[in-house]
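So the structure is just underneath, and the comments pick up after that.
The values are calculated or read from the model by the stated rules, or taken from the named source; none is laboratory data. Small disclaimer: the values here were computed from a predicted structure and weren't measured. Please note: Cβ atoms are built from the backbone with ideal geometry, for glycine as well, and neighbour counts cover all protein chains shown. The area values use the complete protein model at the heavy-atom level, side chains included, leaving out ligands, DNA and RNA. Shrake-Rupley method; radii C 1.70, N 1.55, O 1.52, S 1.80 Å.
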Amino acid sequence: MLNQEVEPDERTAARRDPGRRNSLIHLLHIRDDFRRAQFAIAALFLILGFQYGTWASRLPAIKARLDLSTAEVGLLLMACGVGAAASFPLVTMLMKRLGSRRLSILSAIGLSLILPALAVAPDYPVALLITCCDGIGVGCLNVAMNAQGAALEVKHQRTTMGKFHATFSGGSLCAALLASGTNLFTSTLAVHFGIAMVILLLLIGYAQVGLLREDIEQPAEAKVEAEPAQAEEKGRRKLPLPTRVTIWMGLAMVFGTVTEGAMNDWSALYMKTVVNAASELAPMGIAVVSVMMVLARIFADGWRARWGDGRIVRVGSALAAVGLAVALLVGGVVPALLGFACVGLGIAAATPCIYMAAANQGPDALSLVAAMGTTGLLAGPAVIGFIASASSLVWGMGAVAASAMLVSLCTTRIRWAGVAET
């Protein structure tokens, strides 16, 4: 009933029947609450994609300003990843004390202030510290906004997480467009990052009004499963031990984000050096993956409502693995693009669905799974690079296909909520 539109004849009948009118008002109020919260949470996803895309798009300018080598730029990115991965204990504590609403607002404000700080960083060590803090902020906002999205789905029994993750990708695109537009007028980092900060603060002001005030509680079965191990470690550990289900979720998230990150970083090079695509066609690899992921995430919520999260993730990740493997075996530009399209289509719904499953296990599980996902996203491309250096990029991309298949295998051990599978 929550998904139904209110027809004009229904409104006419409601005017004549006070009881029906009250029911109609209640229905409209519920739908308005859902939309208000949905747009507010989507703003958080937009903020995260926009903030990271803003400074990542200006890495060449940051490199030139601080006179960095390529290795130092890599270490700068690694500092962000280390901060995000190490944020797990802090996020767990803050989620319990502040809740996802306050944590998302505070971390988003912190991320917006990091941009001008990075623009005026006096030297490389300070820039490293700033990007490490950025990683911590990313880790906090990542957990908080996904907790908000999961709470909205549970409260209204409507799927929407896929659209949220599509909005994150849209934020990165908006950041790239702003960077290109700003460069037409000035190349000064402080001006660009100052404009971006104002945009972020406006988005935060919009989001904070409609965010949910209550999070999903840890389910009773998860508490029971974790109690024996936690009792044994009482007094020695401050963080709760993860359950078996949480570990499987974390592994699935790692392999899923490895697949995403590696395709973003290595697809263009594969097109250029392995299948000998023309220079103008080489960037089409990442373009195909990105477009297919955005489209799939827009439609993913409907697929989830119809077939269930577990089936979508298992079939999708298997499609990504098989499609990429066949493309590698056949070779050529067209098969490569078709294989990349399979990856974008198949793996797109994996992270939204796994985040939702982790949120249903409570904030501790969500924090750990998010930290493992960030680690896979940032460390995965480097691992693929090591494999390619030791053998060839074909074998490196083969490892990406294997990673996608491992997502499908790991998710068979996850308890999925939502639509029952038949």
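Some points to look at:
- For the stretch 375-398, the criterion of being at pLDDT 80 or above, open to solvent by less than 30 Å² (accessible area, probe 1.4 Å), within 23 Å of Gln148 (Cβ to Cβ) and assigned to a loop (DSSP other than H, G, I, E, B) is met by none of the residues.
- Looking at Ala327, Ala278, Ala336, just one residue is part of a loop (DSSP other than H, G, I, E, B) and farther than 25 Å from Gly171 by Cα, and that residue is Ala278.
- Residue check, Ala321 within 19 Å of Leu393 (Cβ to Cβ) and open to solvent by less than 20 Å² (accessible area, probe 1.4 Å): yes
- Criterion violated by Asp123 - all others in (1) of a type in the set (Asp, Glu); (2) open to solvent by 50 Å² or more (accessible area, probe 1.4 Å); (3) under 21 Å from Val209 (Cα atoms) satisfied: (3)
- Tabulated pairs, the stretch 126-145, first in contact (Cβ under 8 Å) with a residue 12 or more places away in the chain and within 27 Å of Gly99 (Cβ to Cβ), second open to solvent by less than 10 Å² (accessible area, probe 1.4 Å) and among the basic types (Lys, Arg), C-beta under 8 angstrom, 6+ apart or interchain: none
- Residue count, the stretch 69-108 (criterion: without any contact (Cβ under 8 Å) to a residue 24 or more places away in the chain and surrounded by fewer than 15 Cβ atoms within 10 Å (Cβ to Cβ)): 6
- Only one of the numbered conditions (1) touching a residue at least 60 places away in the same chain (Cβ under 8 Å); (2) within 23 Å of Thr375 (Cβ to Cβ); (3) in a helix (DSSP H, G or I); (4) open to solvent by 10 Å² or more (accessible area, probe 1.4 Å) is violated by Pro242, and that is (3).
- Extreme residue, modelled with the lowest pLDDT, among residues of the stretch 322-366 that are closer than 30 Å to Gly99 by Cβ and among the small types (Gly, Ala, Ser): Gly362
- Only listed residue being touching a helix residue (DSSP H, G or I) at 6+ places or on another chain (Cβ under 6 Å), open to solvent by less than 60 Å² (accessible area, probe 1.4 Å) and either in contact (Cβ under 8 Å) with a residue 24 or more places away in the chain or not aromatic (Phe, Trp, Tyr) (or both), chosen from Arg297, Arg314: Arg297
- Taking the stretch 338-351 as the range and being aliphatic (A, V, I, L, M) and either open to solvent by less than 40 Å² (accessible area, probe 1.4 Å) or free of Cβ contacts under 8 Å to residues at least 12 places away in the same chain (or both) as the test, the residues that pass are Ala341, Val343, Ile347, Ala348, Ala349, Ala350.
- For Val258: the one exception among (1) touching a residue at least 24 places away in the same chain (Cβ under 8 Å); (2) under 22 Å from Ala365 (Cα atoms); (3) out of contact with any Gly (no Cβ under 7 Å at 6 or more places or on another chain): (3)
- Given (1) at pLDDT 90 or above; (2) under 18 Å from Phe39 (Cα atoms); (3) open to solvent by 10 Å² or more (accessible area, probe 1.4 Å), number of the condition Phe164 does not satisfy: (3)
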